[in-house]
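Here is the structure we will look at.
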Amino acid sequence: MQRRKILIAAKTYPSISTKYKETVCTAGILLDDNEKPLQWIRIYPIRSRELEVDQRFPKWGIISAEIEKNDKDYREESFRINDSSIELVRACF
């Protein structure tokens, strides 16, 4: 997994999962080191209610996290995230 910066653009309503308990699907923009946009990405699953308080992030926030391509999803923009690696860089609004 690579640590990358992501501008969070959207989060779905939480859904129940037998494997992950409660999850959200999140969409964002992958940023380079200078925070220039690179690519639209989809991140799933995120167990949002299980995140530590300092790991929770708002829409339009920038996070840093370890992500990798989701090999179980055929969509080019789909990535998986290491929940425990999430760090809020800043809340933009």
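Descriptive notes on the structure:
- Some residue of the range 1-14 being without any contact (Cβ under 8 Å) to a residue 12 or more places away in the chain, among the basic types (Lys, Arg) and surrounded by fewer than 17 Cβ atoms within 10 Å (Cβ to Cβ): no
- Within the range 44-93, strands (runs of 3 or more DSSP E) holding 3 or more residues that are touching a residue at least 40 places away in the same chain (Cβ under 8 Å): 61-69
- When THR23, THR18 are checked against the criterion of being hydroxyl-bearing (Ser, Thr, Tyr), at pLDDT below 95 and surrounded by 15 or more Cβ atoms within 10 Å (Cβ to Cβ), THR23 stands alone in meeting it.
- Those residues of the range 11-28 which are small (Gly, Ala, Ser) and over 14 Å from SER78 (Cα atoms), in sequence order: SER15, SER17
- Scanning the range 16-38 for residues that are under 16 Å from LYS5 (Cβ atoms), of a type outside the set (A, V, I, L, M, F, W, C) and either under 13 Å from the mean Cα position of the chain (by Cα) or part of a loop (DSSP other than H, G, I, E, B) (or both) gives THR26, GLY28, ASP32, ASP33, ASN34, GLU35, LYS36.
The values are calculated or read from the model by the stated rules, or taken from the named source; none is laboratory data. Quantities reported herein were computed from a predicted structural model and do not represent experimental measurements. Reconstructed Cβ throughout: ideal geometry from the backbone, glycine too, with neighbour counts over all protein chains shown.
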